[in-house]
Amino acid sequence: MKLFGKDVTAKKLLDVVKERLSARGLLPPSEDAGLDRDVEAPVEAFAFAVESMSEHVDTTRGLPIETHRDGLQGRAVVLAKQTFRKVGQLFINEALARQVVFNGHVLDGYSQLSAEVMRLRSRVAELEAELERATTSPKAPVLEVPSVKAAKPAAPKTKAAKPRKPRAR
């Protein structure tokens, strides 16, 4: 088997490794079934958003120059765009300096909020697990206290004084 070139692919290499591990009894059946699937790891939404935002936080860094035109005309358009960018970059940087600072603050704020949301989610999961354990665990016998209704002593009946009206002065 060659180590370089088109003869070795990831699929073939994985098959050989699985075959050798299975022959030695080192690969449990549950893991063996899972290796055939090409499942990507789940993406954490907040981390993905922060990463994608951080790529574009600096507005003075231009996007790649491209055009939809082909041939000589396309190359001329790309050259004109590159020239314009080099000449105008000083003015672009000056005009967008405040936006770069603002974008940095927004990214920091979003990162902090994302971390807080993830912390709160984990706390909610802990509390739900604790509640689940509390509801499924055998409860201790609850002692019932008999309610004793004590007879209230009768209040002496007296004539209620009439409320006085304030005197006019």
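Rule-based calculations on the coordinates, nothing more; no lab input. Computed from a predicted structure; not experimentally measured. Here Cβ is always computed from backbone atoms with ideal geometry, including for glycine, and neighbour counts include all displayed protein chains.
Peptide packing for 96-107, 66-77 was compared via the average number of neighbouring C-beta atoms within 10 Å per residue; ordered from the highest value, the list is 96-107, 66-77.
Work through the residues other than E44 whose Cβ is under 12 Å from its Cβ and net out their charges, Lys, Arg +1 and Asp, Glu -1. Once positives and negatives cancel, what remains is 0.
Between E94 and E128, the contour length at 0.36 nm per residue exceeds the Cα-Cα span by 7.0 nm. For R121, the shell of other residues with beta-carbons less than 13 Å away shows a net charge of -2, using +1 for Lys and Arg and -1 for Asp and Glu. Summing charges over neighbours of R85, with a neighbour being any other residue whose Cβ is under 15 Å away from its Cβ, gives 0 when K and R count +1 and D and E count -1. With 0.36 nm allotted per residue and the present C-alpha distance subtracted, the K12-E66 stretch has 15.6 nm of extension available.
Note on M118 and A80: with the Förster distance fixed at 41 Å, the Cβ-Cβ geometry gives a FRET efficiency of about 0.30.
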